[in-house]
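The values are calculated or read from the model by the stated rules, or taken from the named source; none is laboratory data. Predicted, not measured: the structure shown is a model, and the values here were computed from it. Here the Cβ is made from the backbone with ideal geometry for all residues, glycine too, and neighbour counts use every protein chain on show. With ligands, DNA and RNA removed, areas are computed over all heavy atoms of the protein, side chains included. Shrake-Rupley method; radii C 1.70, N 1.55, O 1.52, S 1.80 Å.
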Protein chains: 2
Amino acid sequence: MSLQSLVPGPEPKVTSRVSTGAEGRCRVALAGFGTVGRSAARLLQDAAREVELVAILNRDVDRKRVDWVDGAVRWTDSIEEVLDRPIDVFIELIGGRSPAEDWIRRALARGISVVTANKQVIARDGASLLDAAAANDCHLRFEAAVAGGVPVIRAIESGLAGDRLTRVAGILNGTCNYILTKMEREGTAFADALREAQALGYAEANPSQDIDGFDAQAKLAILAMVALGIQAPPDAIATRSIATVDGVDFRYARRLGCTIRQIAWAERNGDLELCAGVGPTLVPLESPLAAVNGSENLVSIQGRFGGETTFGGRGAGGDPTAVAVLSDVLTIARGARPAVRPRAERSARVSSDAATPYYVRFTVVDRPGIIAALASVFAKYEINIDAILQEPGFPASQRPFIVSLDAAPSAAVNAALAEIGAFDFHLVPMLAMPVLDGRAPAEVTA
Amino acid sequence: MSLQSLVPGPEPKVTSRVSTGAEGRCRVALAGFGTVGRSAARLLQDAAREVELVAILNRDVDRKRVDWVDGAVRWTDSIEEVLDRPIDVFIELIGGRSPAEDWIRRALARGISVVTANKQVIARDGASLLDAAAANDCHLRFEAAVAGGVPVIRAIESGLAGDRLTRVAGILNGTCNYILTKMEREGTAFADALREAQALGYAEANPSQDIDGFDAQAKLAILAMVALGIQAPPDAIATRSIATVDGVDFRYARRLGCTIRQIAWAERNGDLELCAGVGPTLVPLESPLAAVNGSENLVSIQGRFGGETTFGGRGAGGDPTAVAVLSDVLTIARGARPAVRPRAERSARVSSDAATPYYVRFTVVDRPGIIAALASVFAKYEINIDAILQEPGFPASQRPFIVSLDAAPSAAVNAALAEIGAFDFHLVPMLAMPVLDGRAPAEVTA
C-alpha cells in the first residue's frame, strides 16, 4: 500500500512517498550489527506495532546471527539484496566513509529514507546527501551522529526553529570528558586516565580520534551545518590535543575559578565565515559545561532571542545511540514531512579568530628576567596580563607558572606566543588554552 | 487554497487539513498582547516568509495598538471576529483558565490549529483538548507552557520517542530558583530574596503561585501527561512551600554535599499510579540540577535505554517564550502531521510515596534527652539515622540541628515525624525535605 501526501508550504510542493508494509508498519533494513546495531535491533523489535525489521546486513553475517531476532528477518551480506527489497527506511550503522556513503546515496536514489549515526559521512557529505534526499522526496536523519542519545539535531531544527542561532559550544566527546574529569577529581595523570578509559572501552587502542579532537571536529561540522547554516569541511576546523594538559593545569585553572574541558565551538562570523575550533579550554566553574561528568555530553546553543539552551545526556553507548536511531525511524514512520531546512551555505572561510582571554602555562629553568621578557612581548602586542600565578612545590630547575591574559584577538596572542617560544628558557613547550567567557573561545596554535 | 494530505500509520487514517493564505503562508491570529504576545508578534513578523499575522485580539485593543505591527493586521477585541476569519493557527497567550479554554476549544472545533503557552488550561484540560484537536484533524501545541524557551515537549514526543520514559524531574519555576540560588550564594534571607525577586519582576506581588509550588505543579502535570502518559489532576500533586527554607539549611545541606532547589518530580509507579511532588529538595552538588543558576530552568528525563537526558535554558521571559510559540507555529506551517501520541491514561491514583533519604531540621530549646527521644521514634519506624549535625554559633535557647535519614518510605517518615512533632521541645516547626539521590525524592507532609 502506498499513500500520497501533498504538503504545502513556502517551498516548491513535493509529493512525499511514504510506503508501508504489512499492517501499515514501516519496513526497515539495518546495516551494521555491532554494539549500536544490536541495541537498535532490540528496540526496533520492541516497536513492532509501528516498525517491521525486515533485513539485517553485515559482513560475514552468519557469525553475527542471534536467536532473539525474529525468524522472518532476512540476514544477508549483500547491499543489493537489501535495497532490492520493498523497504521504507535504511538504517546505516556500519560507520566509516566507505562504503557507507555509497550505500546511503544508493538508498536515497531509490527513494528509501535513511537513518544514520555516521558522523564522518554527514560531516563531509551531509549537504549533498540532504540534497539527494530532497530530490527523491525522502528523509535523511542523523540524530545519532552528534551527542548520541541527546536529541539536539531535532531540537535545533524544530524546537528552536523560531530563533536565530548564533553559536554552538559543547562537550561532544565523552572519552575526553572522562579523561579530563578523572584528572580533575582524582589528580590522575593524563597517561593513566587514558589507560583507564581504554580499559573501560571508552577509548580506542589508537585514541587519536578522540584526544586530538577529530571526533568532536566532525560532530561540530554537523552542528554548524544544522544550527548555523554553514557547511564547512571538517578538516578546516582547528583542533588542539588534550594530551598536553597536565595535572598542574587543573590546579591553576581552579585558582582562576575554572576547570578544563574539551570544548567544540562554532559561530557565524560575518556572512559566510565560520569561526570554530576544538580543544582543551578553561571553563568557568559556574558554566553548565563545567558540571558535565564522566563520559556525558552537553551541547549549548545560543539564540538571539531565546538565549542559551542546553541539551545534555549520554553521548555514546549502544542503547542511548539506538534510542536516537529508533526516534528517527519513528519520526519517519509517523508520517512526518522531510525537514524543511534552509540550504546550508558553503563557507567561504573557516577561521578560529576570536577575542578571548587566554591561559598560558610556561615551564622554565627559573632565572631572573623571564617575567620581564614575557611581559615586554605581550605589551608589544597590546595584550594585557591579568595575573601571573606560581604554585609552590616544584623544584627551581623545572617550575611551571601560568600567565592569564585579558581578552585579546587570537592572532595577536599567537604572534606573541611565537615570539616568546623562541626564547631559550623553555624546558617544556608552552601550553596555551582559551578561556570560555560566555563568548566563543578562540583557538591558539601554541 | 486548501490541500489535503493523507497520512499513513498504525493509527486510524486521518485527513490533515492544512490551509494556507496568500503566497502559501500560514495565517495566524494572536490573542493576548502582553509581554509574550508582543515578543511573539515581532518574531511572527520576522518570519513573514512562512507566516502571515492577520489579527491581534486583546481587551481594550486600542490601548494596545503599536505602529511597528503591519498595517494589514486586524486589531480586535472580538473572539468571534477572529475565529470567523480564514486562519490556520490561533495563538492563545491571554493566560488563565477562562475564557482561554473556551476559545481554544472553539478554535479546534472549527479545525483551526492552536498554539498556547497556557499551563493552567493544558494541565487541567490538555487531554480532552488533544482529543478535540485529533477529532478535528488539527494541532494543539504547547511547547511554551513548560520551561518557556526550552524545547522539552517536542524532545519528549519526538527525540526520545524511541525510549521508554520512566521519570521526569526538574526545576520548572525560575522565581523559586532565583530566590534559592540567591540565598545559597549570598546568604540572603528568604524574605529579602523574595523582595528582590519582586523588585526585578521575577515574582508577583502575591508570590504564592511560585513559592508554594502551584506554578510548577501545573507544569509537572503537563510533563507527566506527555512523558509518562498519565493524566492527573494537577491539584492532586503534593506541594510544599520554599518559604520555610532558612539560610541555615544551606549550611547543613552543604555539609551533606548538597544544595537546595525547588524540584518537581514524577514517575510512573505501577501501572496507573503517578508518584509525584513539588517542593524544596536537597540536590547533590554534582547533579546538573545543582548547577542551575538564577531564573533558569532544567528538565531531566530518565529513559530506560537512554539514561538521563537534560534540557536547560530560559524558563520565562517574553523572547524565549515567543521562540517556543513561533517554533510551534513553524512546525504547523511546515506541514507536520499532528503528533501521534499514545492517549494519556487517567491516573487511578496520585501519590507521593517513594523511598528516599531525608533531611529534617529541628529547632529546639537545648536540653538533655532530645536526641534520645528522636532516635527512639525513628528506630520504632525502622528508619536509620545517617548523621546528626549541629552548626556552632547559635544560642542554647534556640539551636537548630539536623538529622539526615537513610532512604526510607515516605509513609514511615511522615508517621515518625507526626509523632516527633507532638513533643514539647520544638521552638519552630520541623522542616523535612527529601534528598534527591538519583531516584525521585518522596514528599513529606511535615
Handout entry: Relative packing of peptides B:117-123, A:298-304, A:128-134 - highest average C-beta neighbours within 10 Å first
Key = B:117-123, A:298-304, A:128-134
Practice task
Give the peptides A:84-97, A:413-426 in descending order of average Cβ contacts within 10 Å, highest first.
Solution key: A:84-97, A:413-426
Problem - Listed residue pairs exceeding 30 Å between alpha carbons, taken from A:Lys182/B:Lys119; A:Lys219/B:Lys219; A:Lys219/B:Lys182; A:Lys182/A:Lys219; B:Lys182/B:Lys219; B:Lys64/B:Lys119 - result: A:Lys182/B:Lys119; A:Lys219/B:Lys219; A:Lys219/B:Lys182
Practice task
Report in % the part of the accessible area of region A:288-332 that belongs to carbon and sulfur, leaving out ligands and nucleic acids; probe 1.4 Å.
Solution key: 45 percent
Practice task
Go ahead and estimate [θ] at 222 nm for chain B from helices alone: -39,500 (n - 2.57) per DSSP H run with n ≥ 4, summed, over the residue count, rounded to 500.
Solution key: -9000 deg cm²/dmol
Handout entry: Rounded to 5, percent antiparallel among DSSP beta bridges of the protein assembly as shown
Key = 70 percent
Practice task
Take every Cα-Cα pair in region B:286-401 and report what % of them are more than 17 Å apart.
Solution key: 79 percent
Problem - 10 Å Cβ neighbours from other chains, averaged over peptide B:298-307 - result: 5
Exercise for the section: Identify, among B:Ala264, A:Pro288, A:Tyr178, the residue whose Cα sits farthest towards the positive end of the charge dipole of the protein assembly as shown, taking +1 on the Cβ of Lys and Arg and -1 on the Cβ of Asp and Glu, with the dipole about the Cα centre. Expected result: B:Ala264
Handout entry: Shielding score for B:166-178, defined as the mean number of other chain Cβ atoms within 10 Å
Key = 0
Handout entry: chain B: relative contact order in percent, alpha carbon pairs under 8 Å with at least 6 residues between
Key = 15 percent
Exercise for the section: Count, for each residue of B:130-142, the Cβ atoms from other chains sitting within 10 Å of its Cβ, then give me the mean as a whole number. Expected result: 0
Practice task
At most 14 other Cβ atoms within 10 Å and a DSSP loop assignment: could you name the GluC sites (Glu not before Pro) in region B:178-256 that fit?
Solution key: B:Glu204
Exercise for the section: Mind jotting down the distance between the C-alpha centroids of region A:203-264 and region A:71-149, whole Å? Expected result: 27 Å
Exercise for the section: Return one number: the angle in degrees, 0 to 90 and rounded to the nearest 10, between the long axis of the Cα atoms of helix A:410-421 and the longest principal axis of the Cα atoms of chain A. Expected result: 50 degrees
Practice task
Taking chain B as the reference, fit the longest principal axis to its C-alpha atoms, fit the long axis of helix B:174-186 to the helix C-alpha atoms, and give the angle between the two in degrees, 0 to 90, nearest 10.
Solution key: 40 degrees
Exercise for the section: Using only alpha carbon pairs under 8 Å that are at least six residues apart, calculate the relative contact order of region B:125-205 and give it in whole percent. Expected result: 15 percent
Practice task
Note down the nm distance, to one decimal, between modelled labels 7 Å out along Cα→Cβ at A:Asp366 and at B:Ala72.
Solution key: 7.6 nm
Practice task
First measure r as the distance between the Cβ atoms of B:Arg85 and A:Arg254, then evaluate 1/(1 + (r/R0)^6) with R0 = 51 Å and state the FRET efficiency to the nearest 0.05.
Solution key: 0.25
Problem - Protection proxy ranking of A:208-217, A:264-273, A:161-170 - average other beta-carbon atoms within 10 Å, highest first - result: A:161-170, A:208-217, A:264-273
Handout entry: With all protein chains modelled, accessible area of B:Met225 [1.4 Å, Å²]
Key = 10 Å²
Practice task
Using only the C-alpha atoms of region B:355-434, find the volume of their convex hull and express it per residue in Å³.
Solution key: 78 Å³
Handout entry: For chain A: span of alpha carbons on each principal axis (Å, largest first)
Key = 83, 49, 33
Problem - Heavy-atom surface of the protein assembly as shown, accessible at 1.4 Å and reported per residue (Å²) - result: 37 Å²
Fill in the blank from the handout: Buried accessible surface, A vs B, both sides, probe 1.4 Å, in Å² to 100, equals 4500 Å²
